[in-house]
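Notes follow once the structure below has been shown.
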Amino acid sequence: MSRQGPMKVLVTGGSGLVGTAIQQVVKEEGRDGEEEWIFLSSKDADLTNCEETLAVFHKHRPTHVIHLAAMVGGLFKNMKYNLDFWRKNVFINDNVLQAAHEVGVVKVVSCLSTCIFPDKTSYPIDETMIHDGPPHQSNFGYAYAKRMIDVHNRAYFQQHGRCFTAVIPTNVFGPHDNFSIEDGHVLPGLIHKAYLAQKEGKPLTVWGSGTPRRQFIYSLDLARLFLWVLREYPEVDPIILSVGEEDEVSIREAADAVVESLGFTGEVVYDTSKADGQFKKTASNAKLHRYRPDFQFTPFRQALKETCDWFVANYDSARK
Ligand code: NAP
Ligand code: GFB
């Protein structure tokens, strides 16, 4: 099944938060010549469209694929558009995996999320629990679409012997995130809101009660792990990419960290009329630890400071 010659890696969603982090890590590694990398954005092909997807795969004929492209958003965007999250992501995933199969791609690494696990569950969550019960109702469209990638992967292996696998990251953040206040995730949303509140001398409003808990992973750490999975992880079964259970923080602690990183000096208020979403989705990184006991995560405060500094320095061009 393996092809001769250097790896030619196609990254779908190569212009997003995770894709740009992979671009940076690949550049830092400087393995020019040994591997060829192609980073796609939606401008290169609309991957919800079958013909455009096949055309871009035939054009580049990759040996390996990192599949990131997806309709993505925070809690509040998910609550509004469950149907769109389901349909777009199902189309994208079916098109990408079938096109990869048709051009003979040796390995695909797709991207799931810890929000796809059952809402009513025991903790910590592990890789065996994906299909054990319904996901949280706030994002069932996105969650079921992502779960189906695991079905695709097992079926491509069973029927065609393909090594199509997936990683399961927790909440990701970093430079090049979507800092949209309405549609983005909590950390970029809070960074943007605190930046504006400081400038305008207004309070920072955190949505919900602040009690839900999240494990955050820095996009550059995730990118390093993605490269290891692409080159070395041998399983079709997915792997959770997460900091430890002990590194989970409450939304209140995350907001406090944003306040500190940005040097916000105003009042912080909580709008409890806004949804809290899933209370927690505490994931185990025991499998990752077995494979990569050496891997060092960037400390949360340091990663958050780097992200805040990037946002301030790139305010005009940042996605928001
Ligand atoms: P992002 O910053 O929103 O980037 C999304 C990427 O997908 C962009 O490159 C976008 O292209 C591309 N894309 C979207 N719709 C497309 C379409 N119809 N055709 C072609 N390309 C399309 O998202 P991200 O946070 O990097 O997410 C990357 C992956 O990680 C996704 O699979 C996501 O589900 C997963 N994930 C994310 C998180 C998180 O907290 N962010 C957590 C767990 C898992 P344009 O730039 O041209 O729009
Ligand atoms: O990152 P987030 O939107 O998504 O975080 P999830 C939501 C939590 O942060 C809730 C609180 O408890 C919100 O009440 N929060 C406080 C805020 N202030 C803000 C704010 O300004 N913006 C936002 N967005 N939240 C998403 C899923 O869940 O996780 C997606 O809906 C995706 O499908 C992603 O998988 C990783 O962690 O709740």
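Where a number appears in this text, it was derived from the coordinates with a stated rule and is not lab data. Everything numeric in this text was worked out from a predicted model, so none of it was measured. Backbone-built Cβ (ideal geometry, glycine too); neighbour counts: all protein chains shown.
Brief remarks follow.
- Those GluC sites (Glu not before Pro) in region 248-320 that DSSP places in a loop and that have at most 13 other beta carbons within 10 Å: GLU267
- Among beta bridges from DSSP that stay inside the chain, the antiparallel ones total about 5%.
- 3J(HN,Hα) along region 32-46: 4, x, 6, 9, 10, 10, 10, 10, 9, 10, 5, 5, 6, 6, 8 Hz, from the Karplus curve 6.51 cos²θ - 1.76 cosθ + 1.60 with θ = phi - 60°, whole Hz, x for Gly and Pro.
- For LYS193, the aspartates and glutamates whose Cα falls under 19 Å of its own Cα, not counting residues fewer than eight places away in the same chain, are ASP177, GLU182, ASP183, GLU253, ASP256, GLU260, GLU267, ASP271, ASP276, GLU306, ASP309, ASP316.
- Other-chain or far-sequence residues with amide H under 5 Å of MET7's (modelled H): GLU36
- Whole-number percent relative contact order across the chain, with pairs defined as alpha carbons under 8 Å at least 6 apart: 19
- Too-long pairs where the Cα-Cα distance tops 28 Å, listed order kept, from LYS8/LYS305; LYS280/LYS320; LYS59/LYS287; LYS43/LYS88; LYS120/LYS287; LYS43/LYS77: LYS8/LYS305; LYS59/LYS287
- For ALA283, the residues whose amide H sits under 5 Å from its own are ILE125, ignoring neighbours fewer than 5 places away on the same chain, with H placed 1.01 Å from N.
- LEU204 sits among other residues whose Cβ lies under 15 Å from its own Cβ, and their net charge, with Lys and Arg +1 and Asp and Glu -1, is -1.
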